[in-house]
Amino acid sequence: MSQKAYIFVGPPGSGKGTLSKLCVDTFGWLQLSTGNLCRKHIAEQTDIGKQIDFIIKSGKLIDDQLMTDMVDCWLEEVTTTNTTLILDGFPRTVEQVKRFVEMTNSKYPQLEVQVIRLLISDDVAIDRVVTRYVCSNRACQAVFSAKNDSGLGSKKEMVCDYCGSLLGKRTDDTEQVMHNRLQVYRKHESDMLACLQKAHIPVVEFTGEMPIEDVFNTFVDAVIR
Ligand SMILES: [Zn+2]
């Protein structure tokens, strides 16, 4: 039996995080969060966790192999169910795409992988990011917007609708930093997409320049019907 796995791709501000959350809340899908996985492995002191802990403490970045091992570990667990999977934030590099494709082909051939790409102009992405607030609770991280027409306002000012924690701004969610982030992201994304296409993983594109409800509905209609 096949199991679906969607790789969500899009620049900061494209709404992919919010879209992922909507899918998880609506359909009960499982979302890969590399950040949460890192913390879990460290807390449980697994072999992977010990390596990650060491790398973080020495101020280095987690390399592609270790990241892929961690995802492998997650896939071993979640492929025992038939639940649809969301990958958001992995694969993040060309090297990770290669390792992911190799791994799914050999170990998880039942996975039907598809890329969901959200398209958005730099102007809209910047506007969204500078007006967004994020829940300060690490386990929640829900995103809200100060913009009235976004449909993402919080019910109570600066308080998370889901967990009641305070909302705050991410330090790199500024216009200046965003110009740089987007430039880096665009270059990166095209390399990654080329690699995914070479591996014959289908890519479906949507505009992310709509209120998130509309993006969600378009996604549901077009992809999962
Ligand atoms: Zn929250």
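What to note about this one:
- Using C-alpha pairs below 8 Å separated by at least 6 residues, the relative contact order for region 131-225 is 21 percent.
- Peptides ranked, highest mean first, by Cβ atoms within 10 Å: ranges 104-111, 32-39, 3-10, 86-93: 3-10, 86-93, 32-39, 104-111
- The label-point distance for Ala43 and Tyr162, in a model that sets each label 7 Å from Cα toward Cβ, rounds to 1.6 nm.
- Its convex hull of Cα atoms gives the chain a direction-averaged projected area, equal to a quarter of the hull surface, of 12.7 nm².
- Between Asp214 and Arg92, full extension at 0.36 nm per residue minus the direct alpha carbon distance yields a gain of 41.3 nm.
- If the convex hull is drawn through the Cα atoms of region 14-55, its volume per residue in Å³: 75
- Using a Förster distance of 25 Å, the FRET efficiency for Val223-Asp72 (Cβ separation, nearest 0.05): 0.45
- Estimated purely from DSSP H runs of n ≥ 4, each contributing -39500 (n - 2.57), the mean residue ellipticity at 222 nm for the chain is -14500 deg cm²/dmol once divided by its residues.
- Over all Cα atoms in region 104-166, the spread is summed up by Rg and Dmax: 16.9, 49 Å.
- Across region 197-212, rounded Karplus estimates of 3J(HN,Hα) from the backbone phi angles (6.51 cos²θ - 1.76 cosθ + 1.60, θ = phi - 60°) give 5, 4, 8, 6, 8, x, 10, 10, 10, 9, 7, x, 8, 10, x, 4 Hz, Gly and Pro being marked x.
- If the segment from Ser2 to Gln197 were pulled out straight at 0.36 nm per residue, it would be longer than the present Cα-Cα gap by 68.1 nm.
- Across all directions, the average flat footprint of the convex hull enclosing the Cα atoms of region 62-174 is 9.2 nm².
- Of all lysines in the structure, those lying under 22 Å Cα to Cα from Lys16, and not within fewer than 8 positions of it along the same chain, are Lys4, Lys147, Lys155, Lys169, Lys187.
- Inverse of mean 1/r across different Cα pairs in region 144-223, Kirkwood, Å: 15.9
- Tensor-based shape of region 1-125 (alpha-carbon gyration tensor, a/c under 1.5 rounded, otherwise prolate or oblate): oblate
- Highest to lowest packing among 128-137, 164-173, scored as the average C-beta count within 10 Å: 128-137, 164-173
A short reminder: the numbers here are calculations on the coordinates, not readings from a lab. Just so it is clear, the model here is predicted, and its values are computed rather than measured. Note that each Cβ is placed from the backbone with ideal geometry, even for glycine, and that neighbours are counted across all protein chains shown.
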